[in-house]
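The values are calculated or read from the model by the stated rules, or taken from the named source; none is laboratory data. The model shown is predicted, which means the values in this text are computed figures rather than measured ones. Quick reminder, even Gly has a Cβ in these numbers, built from the backbone with ideal geometry, and neighbours come from all protein chains shown.
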Amino acid sequence: MPASRVNFQTNGIQNRYPVFVEHMSQAEAQHEVNLKKLSFYRSEIKHEFTLLSSRMNAYVTSQSFLMIAFASAMNNTNPHWGKMFTLVFPVGLALLGMVTSLRAYQGIVAAVHTIASWHGKQNQLFENDPAMDDYRVQRSRPIFEPDSSVDAVHQSSLTFAQFTPRVFLIAWCLFSALAVFLHVKS
């Protein structure tokens, strides 16, 4: 008997995940489609976490190089460059650090929202199909934070990613104030 294609409606929209079956009930076919959706959602979540990790890696690396340049500029003892160099260059680096922190924060927040969106779709899939509970990750502590679609383990890594640019922004503000203070004091 040739395989037949099962099409069905989901929320008024024709499903985009065709399933070829021989002897499969509508419920079994829906479960197969849900498994494909789950696989897709998880691959998108993994992709977004990889992007976020790459962004964080590039951001922290750039901040370390700016910190090294800032420290070197503050330690300038070259009499030909003068005192103005120890004011202008470190403050310029601090401003660059602030701008990159603000820009990185926007990209990180966008990635966090995208990850939360994919987790929300995945959770909705679990809620709509009780047979999908076998594919839910069980953790020893509460799985979900209040008012969050992202489980607690992923939420803690997302919190770190969002917190890091804020810390660097505050540090750059303090460093620029230090450079001005030391210049005015001397």
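Out of (1) over 19 Å from Leu169 (Cβ atoms); (2) of a type in the set (Val, Ile, Thr); (3) in a helix (DSSP H, G or I), what's the single condition that is false for Thr61?
It fails just one condition, (1).
If I filter segment 51-90 down to residues being within 16 Å of Ser186 (Cα to Cα) and in contact (Cβ under 8 Å) with a residue 24 or more places away in the chain, which single residue comes out as nearest to the chain's Cα centre (by Cα)?
Of everything passing the filter in segment 51-90, Pro90 is nearest to the chain's Cα centre (by Cα).
Of all residues in segment 129-168, which are surrounded by 18 or more Cβ atoms within 10 Å (Cβ to Cβ) and at pLDDT 85 or above?
Across segment 129-168, the qualifying residues are Leu158, Ala161, Thr164, Pro165, Phe168.
Any residue at all in segment 52-63 that is among the β-branched types (Val, Ile, Thr) and either farther than 29 Å from Gln155 by Cα or buried (at least 16 other Cβ atoms within 10 Å of the Cβ) (or both)?
no
Could you run through segment 68-110 and say how many residues are touching a His at 6+ places or on another chain (Cβ under 8 Å) and buried (at least 19 other Cβ atoms within 10 Å of the Cβ)?
Going through segment 68-110 one residue at a time, the tally reaches 1.
Considering only residues that are basic (Lys, Arg) and either within 14 Å of Glu48 (Cα to Cα) or part of a helix (DSSP H, G or I) (or both), which ones fall in segment 90-141?
Arg103, Lys121
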